[in-house]
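Student: One structure follows; several queries about it will come next.
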Amino acid sequence: MANYAGAIAALRTAFAAAWAAAYPAVPIAYPNTIPPAETWPPIDGTGAPVPWVYFEVIGNGAALRSCGAPGSLLWLYKGNIFVHVFVPADYGTDDAEAFAVAAGEIFRAQTFYQDGAGAKIICYAPQTDGGQKDADNGNQWRITCSIPFEYYHHG
């Protein structure tokens, strides 16, 4: 049976697959997980820092959207997908912007996690925030792409 945790996992899986296919050299980090490389933030063979992304999903409320007997109710969960792109300080913004835009295009107007019983995630238009130096000792520059979504669930 579909649920909110499964919906979030579906978004993460969709992103990981699309990102790895397009940018296999740009690693992904996730909340509350061990980073994918022994040295983090990641570095190349010469010890120079390289771009990476941090993927997270943040809920922004839930509400009942129908009336009826338990089991036939429609619930709406809203939230945002955030893909934070980090590049080394003084790396420039062109690649960072391109990574952020590409991350958003994975989700633009896409529907995920359809179970045939009405559960589904609908993603909307992505946008980037323009970026800024990150607080991590000023060694990173960050730009974030956010994608609003709605998750519909029957229960």
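The values are calculated or read from the model by the stated rules, or taken from the named source; none is laboratory data. As the structure is a prediction and not an experimental result, all values here were calculated from the model. Ideal geometry is used to build each Cβ from the backbone, glycine not excepted, and the neighbour counts take in all protein chains shown.
Student: Take region 30-75 and flag every residue that is free of Cβ contacts under 8 Å to residues at least 12 places away in the same chain, surrounded by 12 or more Cβ atoms within 10 Å (Cβ to Cβ) and of a type in the set (A, V, I, L, M).
Tutor: Ala37, Ile43
Student: Within region 80-99, is even one residue over 23 Å from Gly138 (Cβ atoms), over 11 Å from the mean Cα position of the chain (by Cα) and at pLDDT 95 or above?
Tutor: Quick first cut of region 80-99, residues over 23 Å from Gly138 (Cβ atoms) only: 80-81.
Still in the list and also over 11 Å from the mean Cα position of the chain (by Cα): none.
So far as region 80-99 goes, no, none of its residues is over 23 Å from Gly138 (Cβ atoms), over 11 Å from the mean Cα position of the chain (by Cα) and at pLDDT 95 or above.
Student: Can I ask one more? Within region 11-32, count every residue that is under 13 Å from the mean Cα position of the chain (by Cα), in a helix (DSSP H, G or I), within 16 Å of Cys145 (Cβ to Cβ) and not aromatic (Phe, Trp, Tyr).
Tutor: Qualifying residue count, region 11-32: 5.
Student: Can you tell me which residue is nearest to the chain's Cα centre (by Cα) among those in region 113-132 that are surrounded by 13 or more Cβ atoms within 10 Å (Cβ to Cβ) and closer than 20 Å to Ile28 by Cα? Show your work before the answer.
Tutor: Restricting attention to region 113-132, the residues satisfying the condition of being surrounded by 13 or more Cβ atoms within 10 Å (Cβ to Cβ) are 113-115, 118-124, 126-129, 131.
With closer than 20 Å to Ile28 by Cα added as a condition, the list becomes 126-129, 131.
Details: Pro126: 11, Gln127: 12, Thr128: 12, Asp129: 14, Gly131: 16 Å.
Looking at residues that are surrounded by 13 or more Cβ atoms within 10 Å (Cβ to Cβ) and closer than 20 Å to Ile28 by Cα, I get Pro126.
Student: For residues that are aliphatic (A, V, I, L, M) and assigned to a strand (DSSP E or B), scanning just region 133-155, find the one that is surrounded by the most Cβ atoms within 10 Å (Cβ to Cβ). So that I can check it myself, show each step before the final result.
Tutor: First pass over region 133-155, keeping only residues aliphatic (A, V, I, L, M): 135, 143, 147.
Next, from what is left, pick out any that are assigned to a strand (DSSP E or B): 143, 147.
Values: Ile143: 22, Ile147: 25.
Taking the candidates together, the pick is Ile147.
Student: Would a scan of region 3-10 turn up a residue that is in contact with a Phe, Trp or Tyr (Cβ under 8 Å, 6 or more places away or on another chain), more than 21 Å from Cys145 (Cα to Cα) and among the aromatic types (Phe, Trp, Tyr)? Give the derivation first.
Tutor: Keep residues of region 3-10 that are in contact with a Phe, Trp or Tyr (Cβ under 8 Å, 6 or more places away or on another chain), which gives 4, 6-7, 10.
Next, from what is left, pick out any that are more than 21 Å from Cys145 (Cα to Cα): 4, 6.
Within this subset, residues satisfying the condition of being among the aromatic types (Phe, Trp, Tyr) are 4.
Yes, region 3-10 contains a residue that is in contact with a Phe, Trp or Tyr (Cβ under 8 Å, 6 or more places away or on another chain), more than 21 Å from Cys145 (Cα to Cα) and among the aromatic types (Phe, Trp, Tyr).
Student: Where residues in region 76-112 are closer than 23 Å to Ala29 by Cβ and of a type in the set (Phe, Trp, Tyr), which of them is surrounded by the most Cβ atoms within 10 Å (Cβ to Cβ)?
Tutor: Phe86
Student: So, one more: Tally up the residues in region 1-29 that are under 18 Å from Thr111 (Cα atoms) and either loosely packed, with under 13 Cβ neighbours inside 10 Å or β-branched (Val, Ile, Thr) (or both), please. So that I can check it myself, show each step before the final result.
Tutor: So the first thing to find is which residues in region 1-29 are under 18 Å from Thr111 (Cα atoms), and the list is 1-19.
Next, from what is left, pick out any that are either loosely packed, with under 13 Cβ neighbours inside 10 Å or β-branched (Val, Ile, Thr) (or both): 1, 5, 8, 13, 17.
Qualifying residue count for the region: 5.
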